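This report concerns only the one structure given below.
Read-outs throughout are calculated quantities, based only on the coordinates presented, and are distinct from any laboratory measurement. Predicted model only: the values in this text are computed from it and were never measured. Reconstructed Cβ throughout: ideal geometry from the backbone, glycine too, with neighbour counts over all protein chains shown.
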Amino acid sequence: DTAVSQTPKYLVTQMGNDKSIKCEQNLGHDTMYWYKQDSKKFLKIMFSYNNKELIINETVPNRFSPKSPDKAHLNLHINSLELGDSAVYFCASSPQIRGLGNTIYFGEGSWLTVV
Amino acid sequence: GESVGLHLPTLSVQEGDNSIINCAYSNSASDYFIWYKQESGKGPQFIIDIRSNMDKRQGQRVTVLLNKTVKHLSLQIAATQPGDSAVYFCAENQGNTPLVFGKGTRLSVIA
């Protein structure tokens with residue numbers, strides 16, 4: 001069973017469109033995240049949620065809106081897609097929001113290409 | 001494995017040799033460190049972690065060394081295999097701050 005699963009794995013869409021990426025974790029973790037990985041493999045945190053509550057919102061355009069219907073799900077909706085949004089988006093989860101040993105587990109990634 | 005310019009640092013190692021991947025971290029207050037492995041087309045996968053009250057930790061074929069004096073972390077892989085080919089990231093955090101990832105090093109194993 002996949003611990004952190006996200007869909008779709010590949011997404012090609014035109015500029016200006018709105019798209020969503022879904023994420024679910026079956027690890028029973030309290031905290032979920034969205035990370036963005038650019039073409040240079042740099043991983044940067046976008047958001048984190050703890051028990052459905054937004055904890056971290058890094059400098060991300062308002063076009064990106066996370067939604068957490070319950071603590072096992074964290075979806076990412078992107079409005080008015082731009083070319084620069086092309087990247088790999090990783091969902092992740094961890095047992096809690098803070099503390100030593102709080103290992104983060106990643107999904108397989110969603111490859112977004114905006115044309 | 002310092003990141004310079006636009007290219008991902010690459011380490012090429014002969015199969016069977018030992019690999020050492022280095023990471024310099026910036027926050028002297030960081031107290032938890034993790035190494036992740038990312039294979040092509042997959043998400044980062046946890047390899048090994050170490051807390052700041054330790055300077056060495058061993059796993060299966062992997063060893064992490066922490067030198068807090070110079071803020072340096074290294075990952076040693078013994079008897080490197082083709083399946084070890086991947087991008088390796090170090091990550092650090094302090095207390096309740098989010099995990100911050102380093103820029104990654106690509107390990108290429110030559111058969």
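Tabulated data
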read-out: ³J(HN,Hα), Karplus 6.51/-1.76/1.60, whole Hz, each residue of the range B:102-107, x for Gly, Pro; value: x, 7, x, 10, 8, 9
read-out: Relative contact order (%) - the range B:22-110, alpha-carbon pairs under 8 angstrom, separation at least six; value: 31 percent
read-out: Spin-label model distance (nm) - B:THR69 vs A:ASN79, 7 Å beyond Cα toward Cβ; value: 5.5 nm
read-out: Relative contact order computed over the range A:4-114 (Cα-Cα under 8 Å; 6+ residues apart), in percent; value: 37 percent
read-out: The protein assembly as shown: projected area of the alpha-carbon convex hull, averaged over directions, in nm²; value: 12.6 nm²
read-out: FRET efficiency, A:VAL12 to B:PHE46 (Cβ-Cβ, R0 41 Å, nearest 0.05); value: 0.85
read-out: Pairs beyond 23 Å (Cα-Cα), from A:LYS67/B:LYS103; A:LYS40/B:LYS42; A:LYS52/B:LYS37; A:LYS40/A:LYS67; A:LYS40/B:LYS68; B:LYS42/B:LYS71; value: A:LYS67/B:LYS103; A:LYS52/B:LYS37; A:LYS40/A:LYS67; A:LYS40/B:LYS68; B:LYS42/B:LYS71
read-out: Euclidean distance between Cα centres, the range A:1-51 to the range B:37-85, Å; value: 25 Å
read-out: Residues B:ASP17 and B:GLN94, FRET efficiency given R0 of 41 Å [Cβ-Cβ distance, rounded to 0.05]; value: 0.75
read-out: Virtual paramagnetic centre 7 Å along Cα→Cβ of A:TRP111, amide N under 18 Å, in the range A:33-47; value: A:36-43
read-out: Label-point separation, A:ARG63 to A:LYS22 (7 Å along Cα→Cβ), nm; value: 2.4 nm
